[in-house]
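Comments concern the structure below.
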Amino acid sequence: MKDRTLKQLLMSSSYFVLNKQIVKAIGIEAGFLLTTLIEASDGLANEDGWFYKTSPSLEEETGLSNHKQSKIIDELTKLGILEQENKGMPMKRYFRINFNKIEELVFKIQDLKNSKPSIEEIEKQGFKNFESKDLKNSNACIEKISNNKEYINNNLNKELNNNIYSEAVEYLNLKAGTKYKSSSKNTTKHIKARINDGYTLEDFKTVIDKKCSEWLNTDMEKYLCPETLFGPKFEKYLNQKIIHKNIGIPVSTQETKKIKWGE
């Protein structure tokens, strides 16, 4: 893959673009900083690919502190994705992107994960000088990807749960004409408990529908609130038969006949 083509894949002139494969391989923050440096290199790099970028300018663009930048830059350097040199008068921090290494470590990382080559296998492929430390770095990179996947999955689950909080409360407000907030600690406490029990957004909506059908415009309307609906009786409400309001005590068969015939 040519450097120019790879640059266009990783960057955008209007927005920061985080490539999914990079995020999976090195994490969100490292991917964000790398993308910023790639965009800078596209306009600032000399013929050898070197360009300088100050810490304050990076912090302004990314929000990452100098300490955080240094930590990420050290990680990218160890992976071989980024080269750094301090030179010039006054001294400036210069970078160079190793696009070949990005392609090797990021875009082909799945192959690396599926097959951890032994030293003998690598030597057969022509890598005579392969050392054990390189294999260790590869394994570390694979472990980092697994950790990042877990991090991403946790974030996705958190985002899905947040959607349940907001959508369940919005649906209750719509059906019952209330104005509860999904950010209320008391409300989120009950919703979180039900989510931990394994209930879904559709279950919340079902309970709301059933109890609104039963309690709206009755003395029980005041209980159409998150604390009651999403509390310990949630499972009972979810499984109850739909009870329509204004249906009182069932009438006898004889009374039913009288109503039917208008008697």
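The values are calculated or read from the model by the stated rules, or taken from the named source; none is laboratory data. Everything numeric in this text was worked out from a predicted model, so none of it was measured. For neighbour counting, all protein chains shown are included, and Cβ atoms are generated from backbone atoms with ideal geometry for every residue, glycine included.
Going residue by residue through the range 135-145, is there one that turns out to be of a type in the set (Val, Ile, Thr), modelled with pLDDT of 90 or more and assigned to a helix (DSSP H, G or I)?
Within the range 135-145 (the criterion being of a type in the set (Val, Ile, Thr), modelled with pLDDT of 90 or more and assigned to a helix (DSSP H, G or I)), the answer is no, since none of the residues qualifies.
Out of (1) at pLDDT below 85; (2) farther than 21 Å from residue 105 by Cβ; (3) exposed (fewer than 12 other Cβ atoms within 10 Å of the Cβ), what's the single condition that is false for residue 44?
(3)
Taking residue 59 as the residue in question, decide whether it is out of contact with any Gly (no Cβ under 8 Å at 6 or more places or on another chain), of a type in the set (Asp, Glu), at pLDDT 80 or above and assigned to a helix (DSSP H, G or I).
yes
Select, from 32, 51, 16, the only residue that is at pLDDT 65 or above, assigned by TED's automatic domain parsing to the domain that holds residue 94 and surrounded by fewer than 17 Cβ atoms within 10 Å (Cβ to Cβ).
Result: 16 is the single residue among 32, 51, 16 that is at pLDDT 65 or above, assigned by TED's automatic domain parsing to the domain that holds residue 94 and surrounded by fewer than 17 Cβ atoms within 10 Å (Cβ to Cβ).
Would it be correct to say that residue 201 is farther than 17 Å from residue 235 by Cα and either modelled with pLDDT of 90 or more or among the aliphatic types (A, V, I, L, M) (or both)?
Against the criterion (farther than 17 Å from residue 235 by Cα and either modelled with pLDDT of 90 or more or among the aliphatic types (A, V, I, L, M) (or both)), residue 201 does not qualify.
Scanning the range 168-185 for residues that are in contact with a Ser or Thr (Cβ under 7 Å, 6 or more places away or on another chain) and among the hydrophobic types (A, V, I, L, M, F, W, C), which turns out surrounded by the fewest Cβ atoms within 10 Å (Cβ to Cβ)?
169
For the range 180-227, give me each residue that is among the small types (Gly, Ala, Ser) and in contact with a His (Cβ under 8 Å, 6 or more places away or on another chain).
Scanning the range 180-227 gives a single hit, 213.
Please go through the range 194-218 and pick out each residue that is free of Cβ contacts under 8 Å to residues at least 24 places away in the same chain and in a helix (DSSP H, G or I).
Scanning the range 194-218 gives 196, 202.
Select, from 131, 75, 83, 123, the only residue that is at pLDDT 80 or above and farther than 19 Å from residue 21 by Cα.
Testing whether each residue is at pLDDT 80 or above and farther than 19 Å from residue 21 by Cα leaves just 83.
If I ask for residues that are hydrophobic (A, V, I, L, M, F, W, C) and under 16 Å from residue 35 (Cβ atoms), which ones from the range 85-104 would you list?
Correct list: 95, 97, 99, 102.
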